[in-house]
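Here, each number is a calculation from the coordinates, and none is a lab measurement. Note that the structure is a prediction, hence the values are computed from the model and not measured. Cβ sites come from the backbone with ideal geometry, for glycine too, and all protein chains shown count toward neighbours.
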Amino acid sequence: MTTFESPARVEVRGRFHRSVQLIRDWQGPPDLQDYLITPTVRDLTQRIVRELQAPGGTRAWSITGPYGTGKSAFALFLTRFLANRLNGFPEAGFLRQSLPLGNQSFFPILLVGERAPLKPALLRALSSTFVLTNHALACEIKEAAQQNRIDDATVIRYFERAAEEVKRHGYKGLLIVVDEFGKFLEYAASNLHCSHSVNWP
């Protein structure tokens, strides 16, 4: 006689029912209890922090990988980690204590990619973040983002002003995180215009 045991019931915690949306989840409760700090996450976080502390260290990072491998979740974790918002996440707190950060925190500017021009999107993200910090500056940046043509110098100038502003409030500097950056590249690639004619043989 053969007997069969009833199958085990598996439940997925609500934290994993949907993918991470960087801006929405940053604005929500700082719940990272279920985020696993894997050896890869630990190593990458340590490398980024050490470069931030080194004079002339790397300041721009590109993290690539297949869909669903946790890039957005890591971006959210890193944002909270560098902004020093790790409420109720002891493991991340211990990791932070092991690195030369002290009480330093960075002011995050978050942007999720879209098939649109990058420069106005960067300015809109900066403006929306600064509404409560410096309303006048936020309005000025928002107006600049609505211009038909935005040059690189304009974007740089406003980010430099924003960096000076947050430093006056005790922050180490700006942390600019662009999730799904590839969408901006897709837009740029689909809107290339040849500046010269090609004579085919």
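Results, tabulated for the structure shown:
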read-out	value
Three-way shape call for region 19-105 based on the alpha-carbon gyration tensor, with the a/c threshold at 1.5	oblate
Total charge dipole magnitude, region 106-192, about the Cα centre, Cβ charges on Lys, Arg, Asp, Glu only, Debye to nearest 20	140
Options Thr58, Gln27, Leu101, ranked by Cα towards positive dipole end of region 19-105, top entry (Cβ charges)	Thr58
Hz values of 3J(HN,Hα) by residue in region 50-62 - Karplus curve (6.51, -1.76, 1.60), Gly and Pro given as x	5, 5, 5, 7, 7, x, x, x, 5, 10, 10, 10, 10
Neighbourhood charge, 10 Å Cβ-Cβ cut-off, centred on Ser127 and excluding it, Lys, Arg +1 and Asp, Glu -1	0
Table column - 3J(HN,Hα) (Hz), region 86-101, Karplus curve with 6.51, -1.76, 1.60, x for Gly and Pro	10, 3, x, 10, x, 4, 5, x, 5, 5, 5, 5, 7, 10, x, 9
Rounded, prolate or oblate (a/c below 1.5 giving rounded, otherwise prolate when a/b exceeds b/c) for region 106-192 by Cα gyration tensor	prolate
Residue (of Gln146, Ala121, Gly173) at the positive-pole extreme of region 106-192, dipole from beta-carbon charges	Gly173
Förster-model FRET efficiency, 30 Å R0, Gln104 and Thr40, C-beta, rounded to 0.05	0.80
Distant-in-sequence amide H partners of Asp179 (H built 1.01 Å from N, under 5 Å)	Leu111, Val112, Gly113
Cβ-placed point charges (K, R +1; D, E -1), dipole of region 18-145 about Cα centre in debye, nearest 20	180
Reachable lysines, given that their alpha-carbon falls under 24 Å from the alpha-carbon of Lys167 and they are not under 8 places away in the same chain	Lys119, Lys142
Environment charge of Glu165, counting only residues whose C-beta is closer than 14 Å and scoring Lys/Arg +1, Asp/Glu -1	+2
